[in-house]
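Note sheet for the following structure.
Every number here is computed from the coordinates shown, using simple stated rules; none is lab data. Just so we're clear, the structure is a prediction, and the values are computed from it rather than from any experiment. Ideal geometry is used to build each Cβ from the backbone, glycine not excepted, and the neighbour counts take in all protein chains shown.
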Amino acid sequence: MRWLLRLVALALLGALGVAVFAAWAWFTVPVDTAGSVDFRRPLAVPPLVESSVVGGERVFDLRLQEGTSDFGRGSTPTWGVNGDYLGPTLRAHRGERVRVRVHNDLPEDSSLHWHGMHLPAQMDGGPHQPVRTGATWEPHWRIDQPAATLWYHPHPHGATARHVYRGVAGMFILDDPESLRLGLPQEYGVDDVPVILQDKQLDDDGSLDEDPSVFQSAGLTGDTVVVNGTVGPYLDVTTELVRLRVVNASNARPYALALDDGSSFEMVAGDGGLLEAPVTLTRLQLSVGERAEIVVALEPGERRVLRSGPSDTRDRMAGGIDRLDLLQLRAADRLTPSRPLPRRLVTQPTLDEADATRTRTFELSGFSINGLSMDMGRVDHRSVVGDTEIWEVTNLDGGSHNFHVHDVQFRVLDVDGEPPPPELSGRKDTIWVRPQETVRIVLRFEDYTSTRWPYMFHCHTLRHEDLGMMGQFLVTEPGDTAPDRLPRSPGHAH
Ligand code: C2O
Ligand code: CU
Ligand code: CU
């Protein structure tokens, strides 16, 4: 009998332990740094990468490498591109031919994907274009899309979250004649500034905690926000208007951006380029992978803090109720006058629902899409070049997902049947799909056909993507009989 009693006592103790742990996790989860961040370090601005024009191509050199960073707790081992953490900014003009020499000096295979870029699938840098450790990969393509704030990051299947979290990411800015004519703030690093957001969880010895807790199914959210590599950053503003190009380069965390005094700012661009007109906002939510260009007006001598607050979903275990101070803006006592924002920006290329020849449905649930887990050899669907399609994306879960499509920028038709809010009105490549929500997007595949190289669509919550929440499609010529299975590619090694 004694052994039975002991067993029962042990089981009770175990259950109690689990309950205490769960309660502890529940109550310690919200992170609140609002008002308590000491803004002591000037915001790092990623350098513009040098390029040379050779044989009609603009050539960039990127090296993925190991390094160490100072995130305020000694020396943190990190990864970066041409440096210790994050990478330089690439910049190119519409119509230019570009070539990037990507050299991998990391101790493991990786890849480099041009998020938001319209380009041939073979140059896309997804899981089918691994860059082996020690190897160089040299994609090249012609920039053929409107001005936008794009970004780059690794995409090795199953390891994307870790590679991005360690710091392999950077910005890719595209210009075109219209965008440069508008008189928007556009002096890089002065009144046109990248704001690359990542959150980290640091161990006592300064190293990166990489493992989410058992409650964080979306992946790890950290209590330390690093902006362009700077912890507790301030930006000295010398102009009346400052344009911030914000990238959510985090693994799982959504941001709900606002200014600490509740004042408004203007959003001028989303993922894939300028909006038709500036949109006045006091709050802007960005899920993982999304971008926005916002313009903030400051008075001389004023200080304001860009902050992130609770998101609509209030996803507790995915950072949804956290409050985080991100960046302090410090206006100089005398500000250089800025041109007022134009009332109209650009005309959006038409993507008309009426032109759609088919509707596809994507059901997001758990770590799968339409019940399927990513298979590097499976072609999930084929789209015919020139066709306009409607994709209907539904989140069946109680937690958040989002949805990203490679190659093209889409237009949002509706969110749960309602017209999209103005901040979702522009060209987009990534969209938040909140619990139980359905979004309909319209897209068109205009060129770059292949029966061999697929494009990806996936949840951009990186842990979900790594666990298989991804699929792939081919863009083919009409009448092409593309296979349902792809030949083995080097990427199959994962
Ligand atoms: Cu930002 Cu498929 O990725
Ligand atoms: Cu992408
Ligand atoms: Cu997801």
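Tabulated data
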| item | result |
| --- | --- |
| Label point distance in nm, T280-T347, each placed 7 Å from Cα along Cα→Cβ | 2.7 |
| Estimated translational D of region 192-336 in µm²/s (Stokes, Kirkwood radius over Cα pairs; 4 °C; 1.567 mPa s) | 82 |
| Estimated 222 nm signal from helices in the chain, with DSSP H stretches of n ≥ 4 weighted -39500 (n - 2.57), rounded to 500 | -2500 deg cm²/dmol |
| Protection proxy ranking, peptides 162-173, 445-456, 336-347, average beta carbon neighbours within 10 Å, highest first | 162-173, 445-456, 336-347 |
| Protection-proxy order for peptides 196-202, 12-18, each taking the mean of Cβ atoms within 10 Å per residue, highest first | 196-202, 12-18 |
| Relative contact order for the chain, counting Cα pairs under 8 Å that sit 6 or more residues apart, in percent | 15 |
| Relative contact order, percent, region 192-336 [alpha-carbon distance under 8 Å, six or more residues apart] | 28 |
| Calculated from backbone phi, Karplus (6.51, -1.76, 1.60) coupling profile of region 383-389 in Hz, x at Gly/Pro | 10, 8, 4, x, 7, 9, 10 |
| Backbone HN-Hα couplings from phi across region 235-242 [Karplus 6.51/-1.76/1.60, Hz, Gly and Pro as x] | 10, 6, 9, 10, 10, 5, 10, 10 |
| 5 angstrom amide H check on F71, placed H, neighbours 5+ away | T76 |
| Built amide H within the under 5 Å cut-off of V305, gap 5+ | D260, D261, L329 |
| Estimated vicinal HN-Hα couplings, Hz - region 215-226 in sequence order (Karplus 6.51, -1.76, 1.60; Gly, Pro = x) | 8, 9, 6, 7, x, 6, 10, x, 9, 10, 8, 10 |
| The chain: C-alpha gyration tensor shape, a/c 1.5 cut-off, then a/b vs b/c | rounded |
| Förster radius 60 Å - calculated FRET efficiency between D211 and D484, Cβ distance, rounded to 0.05 | 0.95 |
| Along each principal axis, Cα extent of region 41-176, largest first, Å | 45, 35, 24 |
| Virtual spin-label span in nm between Q436 and D38, 7 Å along Cα→Cβ | 4.6 |
| Antiparallel content of DSSP bridges confined to the chain, in %, to 5 | 65 |
| Rg/Rh (Cα only; Kirkwood hydrodynamic radius) as it applies to region 353-476 | 0.94 |
| 5 angstrom amide H check on E437, placed H, neighbours 5+ away | N395 |
